[in-house]
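A short write-up of the structure that comes next.
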Amino acid sequence: MRFALLACLLLLTVPAGAAMAQDRAALFESYAAGRYDEAARAGAAARTAYGYALAARAVLADAVLRETPCLECIQRAERLARQAVAADPRLADGQIWFAVSLGYQARIKGVLWARWQGFPDQAKAALQTAVAAEPDNPYAVSAFGGWQVEVVKAGGPFLARQLFGATLDEAMALFDRAVRLAPGNVAVRYQIALSLAGLDPVTHRARVIAELDAALRAVPNTAYERRLFSRAGELSTAMTGDRVRLDALVRKFQGYP
């Protein structure tokens with residue numbers, strides 16, 4: 001009798017799991033195709049942690065690719081990511097896009113405003129949770145490296161270490177780990193290059209060029225990655241040209257006003 005009951009439970013569970021996988025695949029398909037509004041609406045309508053996280057990711061992708069910063073868009077992404085985190089704190093995607101949304105707001109509103117809002121601490125906690133939940137998630141690992149770089153850039157090495165425990169050595173270790181996890185990921189390689197170019201494109205010139213070259217050798221898998229592939233090409237050209245042009249591109253691609 002127990003065996004029969006177990007068999008019935010398995011029959012009920014497997015289709016449910018398959019249906020969930022199909023739902024997630026459908027949501028991601030909209031995002032991957034670059035239909036960001038559609039992906040955001042469908043993700044939010046799903047009312048699941050994954051749905052909210054995918055919606056936040058779609059809104060962020062659309063905002064990041066715009067010619068000028070959209071604070072309202074980034075704040076919408078933050079709200080969606082918060083809903084994802086509330087639904088499932090262990091889902092790395094929700095924590096990642098929550099932290100990323102805080103970072104973009106800090107660039108638009110300024111370092112002092114972001115510090116007053118407690119954004120650096122919130123982003124750190126979110127990324128630590130994401131890495132702990134999914135240690136092999138290259139987006140979580142590279143984003144945490146990017147957080148370290150941003151804090152060092154904003155406050156200098158001493159204050160970054162004393163106030164937030166952020167160091168450039170840890171950032172580099174995280175970047176190295178992310179590259180090992182996803183050597184052919186356009187977005188990961190591009191974001192590492194952009195982060196270090198924003199810190200100091202002279203000191204980190206060799207690493208920036210290496211990451212951009214890797215991004216340009218990789219195959220984009222989504223509409224977003226195709227746009228980043230194009231931006232990687234622009235940055236690669238600028239690295240060998242006018243410094244003013246390079247700085248302007250870096251600021252634009254990082255979302256500064």
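Computed extension length for Arg205-Arg79: 41.7 nm, one decimal, from 0.36 nm per residue of separation with the Cα-Cα distance subtracted.
Cβ-Cβ distance of Arg251 and Gln122, R₀ of 30 Å, FRET efficiency by 1/(1 + (r/R0)^6): the value works out to about 0.80. Taking the Cα centroid of segment 122-199 and of segment 27-78, what is the distance between the two, rounded to the nearest whole Å? So the separation of the two Cα centres works out to 22 Å.
Taking every alpha-carbon pair under 8 Å whose residues sit at least 6 apart, segment 119-251 reaches a relative contact order of 19 percent.
Between Asp169 and Thr68, the modelled labels are 4.4 nm apart [label points 7 Å from Cα along Cα→Cβ]. Given the options Gly241, Gly51, Gly165, state which has the largest fluctuation in a GNM of the chain using a 10 Å cut-off (strictly under) for Cα springs. Largest GNM mean-square fluctuation: Gly241.
Express the accessible area of the chain per residue in Å², computed with a 1.4 Å probe while the remaining protein chains stay in the model.
50 Å²
Between beta-carbons, use under 15 Å as the cut-off and find the net charge around Leu163, counting Lys and Arg +1, Asp and Glu -1. With Lys, Arg at +1 and Asp, Glu at -1, the net is +1. Computed per residue of the chain from DSSP H runs no shorter than four, each worth -39500 (n - 2.57), the mean residue ellipticity at 222 nm is -26500 deg cm²/dmol. Multiplying the residue separation of Ala45 and Arg90 by 0.36 nm and subtracting their alpha-carbon distance yields 14.1 nm.
What relative contact order, as a whole-number percentage, does the chain give when Cα pairs under 8 Å and 6 or more residues apart are counted?
15 percent
Label separation (Leu159 vs Ala32): 4.4 nm, computed from points 7 Å beyond Cα along the C-beta direction. When the Cα gyration tensor is reduced to axis lengths a ≥ b ≥ c, the ratio a/c is 1.5 or higher for segment 22-135, and with a/b not above b/c it is classed as oblate. Largest first, the residues Trp147, Trp116 sort by 1.4 Å accessible area into Trp116, Trp147.
The values are calculated or read from the model by the stated rules, or taken from the named source; none is laboratory data. Here the structure is a predicted model, which is why all the values come from computation and not from measurement. Cβ: placed from backbone, ideal geometry, glycine included. Neighbour counts: every protein chain shown. In case anyone asks, the SASA skips ligands and DNA or RNA and just uses the protein heavy atoms, side chains included. Shrake-Rupley method; radii C 1.70, N 1.55, O 1.52, S 1.80 Å.
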